[in-house]
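Visitor: Just passing along the structure, written as structure tokens.
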Amino acid sequence: MSEKTLTAQETKDMLLATAKEMLHKGLVEGTAGNLAARLPDGNVVLTPSSLPYESMTLEDLVVCDLDGNVLDGTRGPTSEKALHLTVLREYDDVHATIHSHAMYATMFAVTRTPVPAVIEEFVVFVGGDVGVAEYCTTGTDELAVEVAKHLGDRSAVLMANHGLFTIGRDPQHAMHVAALVERTAQIIWGAKQIGEVIPIPDEVNKTFAGYYRYGRTGKF
């Protein structure tokens, strides 16, 4: 997922701006949700625990190593740091992670229903259907491992009875994926009130999934 390499300051600026955007887009309420991004030195910047996004500043962000040791910051990192750090350890091509409580995506999560890839754009940016990770308690290593295993060929996964987790090459990219999954979940929910949701032909889905792989790995 590499494009232009951001500096540490640019990464922190983008992470903070994306956190505020997540709130403004209605993907979270209050202090729910959390974000992380890989820094050029290999460490990770995370949003702090239980702090309103409206008042959050750059000084509130927390830098940890990939083992979760705090290296910089006066606050504690998100209580779900294991979720982000496990994914970043597992996938070198991932540079940003977002956990949100987007309403329509969470409707699918609480019914443990995958979000089907029925729109071409969705396949290009997400890779295919968004599956549901098994339920594990919030903040545990078990949840982190369970979520991570769904992201090898997808940029999003639903967390059963919890919410949505997305990845990207930078915080804005991970936000785009989150907004796209939420919008698609809303479209599908509405479409089902009208009639049957018709899938994209398999061959077309396969072609567009190849575009996703190329964007992530450089290989079809």
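Visitor: Can you give me the accessible area per residue for the chain, using a 1.4 Å probe, in Å²?
Guide: Value for the chain: 47 Å² per residue.
Visitor: For HIS24, HIS99, HIS150, give the ranking by accessible area with the largest first, probe 1.4 Å.
Guide: Order by accessible area, largest first: HIS24, HIS150, HIS99.
Visitor: Also, quick follow-up: Give me, ordered by chain and number, the residues 5 or more places off ALA102 or on other chains with an amide H under 5 Å from its own placed amide H.
Guide: Counting only residues 5 or more places away or on other chains, the set is LEU164.
Visitor: Once you compute Rg and the Kirkwood Rh from C-alpha atoms, what is the Rg to Rh ratio for the chain?
Guide: My calculation puts Rg/Rh at 0.96.
Visitor: Now, a different point. Ordering SER55, SER100, SER50 from largest to smallest accessible area (1.4 angstrom probe), what's the sequence?
Guide: Putting SER55, SER100, SER50 in descending order of accessible area: SER50, SER55, SER100.
Visitor: Then there is this: Once you sort the root eigenvalues of the Cα gyration tensor of segment 20-110 as a ≥ b ≥ c, which label holds: rounded (a/c under 1.5), prolate (a/b larger than b/c) or oblate (the other case)?
Guide: Oblate.
Visitor: Taking square-rooted eigenvalues a ≥ b ≥ c of the alpha carbon gyration tensor, is segment 123-220 rounded, prolate or oblate, where a/c under 1.5 means rounded and, failing that, a/b exceeding b/c means prolate?
Guide: oblate
Visitor: Among VAL145, VAL124, VAL197, which one moves the most in a GNM of the chain with springs linking Cα atoms closer than 10 Å?
Guide: Most flexible of the set in this elastic network: VAL197.
Visitor: Treating segment 59-166 as a set of equal point scatterers at the Cα positions, no solvent, please give the Debye-formula log₁₀ I(q)/I(0) at q = 0.16, 0.20, 0.21 Å⁻¹.
Guide: The calculated log intensity ratios at q = 0.16, 0.20, 0.21 Å⁻¹ are -0.72, -1.04, -1.11.
Visitor: Order ARG183, ARG169, ARG38, most accessible first, counting only protein heavy atoms with a 1.4 angstrom probe.
Guide: Largest to smallest exposure gives the sequence ARG183, ARG169, ARG38.
Visitor: Now for a separate question. Using the Karplus curve 6.51 cos²θ - 1.76 cosθ + 1.60 with θ = phi - 60°, what ³J(HN,Hα) values do you get for each residue of segment 111-123, in whole Hz, with x for Gly and Pro?
Guide: 9, 6, 10, x, 8, x, 8, 10, 10, 4, 4, 4, 5
Visitor: Ok, one more. Could you state the angle between the C-alpha long axis of helix 202-217 and the longest principal axis of the C-alpha atoms of the chain, as a value from 0 to 90 degrees rounded to the nearest 10?
Guide: 20
Visitor: On to the next question. Taking the Cα centre of each part, how many Å lie between segment 150-220 and segment 76-94?
Guide: Centre-to-centre distance over Cα atoms comes out at 20 Å.
Visitor: Let me ask something else about it. Per DSSP H run of n ≥ 4, the term is -39500 (n - 2.57); total these for the chain, divide by its residue number, and report the mean residue ellipticity at 222 nm rounded to 500 deg cm²/dmol.
Guide: Rounded to the nearest 500, the figure is -13000 deg cm²/dmol.
Visitor: Continuing with this model, one more query. So who's got an amide H within less than 5 Å of the one on VAL130, skipping anything under 5 residues away but keeping other chains? H placed 1.01 Å off N, in plane.
Guide: For VAL130, whose amide H was placed from the backbone, the distant partners under 5 Å are VAL115, ALA117.
Visitor: Working from Cα positions, state the angle (0 to 90°, nearest 10) between the long axis of helix 8-24 and the longest principal axis of the chain.
Guide: Between helix and principal axis, roughly 50 degrees.
Visitor: Rounded, prolate or oblate: which one fits segment 176-216, using the alpha carbon gyration tensor with axes a ≥ b ≥ c (rounded when a/c is under 1.5, else prolate when a/b beats b/c, else oblate)?
Guide: oblate
Visitor: In a GNM of the chain with a 10 Å cut-off on Cα contacts, which of TYR53, TYR91, TYR104 has the highest mean-square fluctuation?
Guide: Highest fluctuation of the listed residues: TYR91.
Visitor: Viscosity 1.002 mPa s, temperature 20 °C: what is the translational diffusion coefficient of segment 17-65 from Stokes-Einstein with a Kirkwood Rh over Cα pairs, rounded to a whole number of µm²/s?
Guide: 190
Visitor: Given a 1.4 angstrom probe, I'd like the percentage of the accessible area of segment 1-159 that is carbon and sulfur, rounded to a whole number.
Guide: 50
Visitor: If you don't mind, there's one more thing I want to ask. Using Cα springs under 10 Å in a Gaussian network model of the chain, which residue among LYS192, LYS25, LYS81 shows the largest mean-square fluctuation?
Guide: Sorting by GNM fluctuation, first place goes to LYS192.
The values are calculated or read from the model by the stated rules, or taken from the named source; none is laboratory data. Everything numeric here is computed off the predicted structure, so don't read it as measured data. These accessible areas exclude ligands, DNA and RNA; they are computed on the full protein's heavy atoms, side chains included. Shrake-Rupley method; radii C 1.70, N 1.55, O 1.52, S 1.80 Å.
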